[in-house]
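Just so you know, all these numbers are worked out from the coordinates, no wet-lab data involved. Nothing here was measured: the structure is a model prediction, and the numbers come from that model. With ideal geometry, Cβ positions are generated from the backbone for all residues, glycine too; neighbour counts draw on all protein chains shown.
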Amino acid sequence: MKTFLMLNLFRLITWLLWKTVRLEVIGRDFRDDLITSKKSFILCFWHGEQFALTRYMSDAGLFILTSLSKDGELQTRFLNGLGYRCVRGSSSRGGMKALLKLIKLTKQYDYSPVAMAVDGPRGPIYKPKEGFILLAKKTGMPFLPVRVKYHNGHTFSKAWDKYQIPKPFSKVSIIFSESYVPSDNMNNEDIINDFNIRMEKLGEEVDIS
């Protein structure tokens, strides 16, 4: 009963907050073209920026990894309710097993895009793990990088990911890059360095100062 009440309270609060946001989307066609053509992709984002993406990407039929913890159970129920397809796992308990399960599941569908916080689940912040590279190599999916800028948002400064949420009636900018597949001659370090440069450039497209 407590979990049920917490879940519904969280749904209500996030829905009300989302309804007040003034949303700006840059590069929308990069996202929409993939979804319309039913071409699978890996949505790559920073863990601390995901709040707005959770709502905005709920129409895309995304697979996503969620934690095995009690908080992860709440997260899974919330995301399932929005239309996400959740695969349970964590970095310390079955993380690779969950990733391999995710890869296997995506191969069972013609359209099986994946959402991945590339510096999650525990950081360090802005330091991508190699899981998203393995996923791309095993599935052939392109990366779809995305950044989120919260104008006058709130940052949880003590959290490892500096998690951000919008304040009521504030502006949120979502910036998509064109999807891409890394060159075959790039090793994992090269792929990560290239990805970081792309994410940094995306973040510079919107000024919130």
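Where does segment 2-203 land on the Kirkwood hydrodynamic radius, alpha-carbon pairs, in angstrom?
Evaluated over segment 2-203, this radius sits at 17.4 Å.
Exposed loop sites here mean trypsin sites (Lys or Arg not before Pro) with a DSSP loop assignment and at most 16 other beta-carbon atoms within 10 Å; the chain contains its longest site-free run at 40-92. Here the Kirkwood formula puts the hydrodynamic radius of segment 49-168 at 15.2 Å, using every distinct Cα pair.
In segment 123-209, what chymotrypsin sites (Phe, Trp or Tyr not before Pro) fall in a loop by DSSP, with at most 12 other Cβ atoms inside 10 Å? Before the final figure, lay out each step's value.
Values: sites: Tyr126, Phe132, Phe143, Tyr150, Phe156, Trp160, Tyr163, Phe169, Phe176, Tyr180, Phe195; in loops: Tyr126, Phe156, Trp160, Tyr163, Phe169.
Loop-located and lightly packed - Phe156, Phe169.
Could you work out [θ]222 nm for the chain from helices alone, using -39500 (n - 2.57) per DSSP H run of at least four and dividing by all its residues? Round to the nearest 500 deg cm²/dmol. Don't jump to the answer; show the numbers that get you there.
Details: 7 runs with 85 residues, N = 209.
Estimated from H runs of four or more residues: -12500 deg cm²/dmol.
Rounded to the nearest Å, what's the spacing between the alpha carbon centres of segment 60-136 and segment 138-209? Just the number, please. About 17 Å separates the Cα centre of segment 60-136 from the one of segment 138-209. Among Cys44, Cys86, a tally of other beta-carbon atoms within 10 Å of each Cβ gives an order, fewest to most, of Cys86, Cys44. Rounded to 0.05, the FRET efficiency of the Glu189 and Lys107 pair, given R0 = 25 Å and the Cβ-Cβ distance, is 0.40.
About its Cα centre, the chain has a charge dipole of approximately 1060 debye under the convention of +1 per Lys or Arg Cβ and -1 per Asp or Glu Cβ, with nothing else charged.
Tell me, what is the percent relative contact order of the chain, built from C-alpha pairs under 8 Å that lie six or more residues apart? Relative contact order here is 28 percent. Between Lys19 and Thr3, the modelled label-to-label distance comes to 2.8 nm, taking each label 7 Å out from Cα in the direction of the beta carbon. Using a simple spin-label model with pseudo-atoms 7 Å out from Cα toward Cβ, Asn196 and Lys158 lie 2.9 nm apart.
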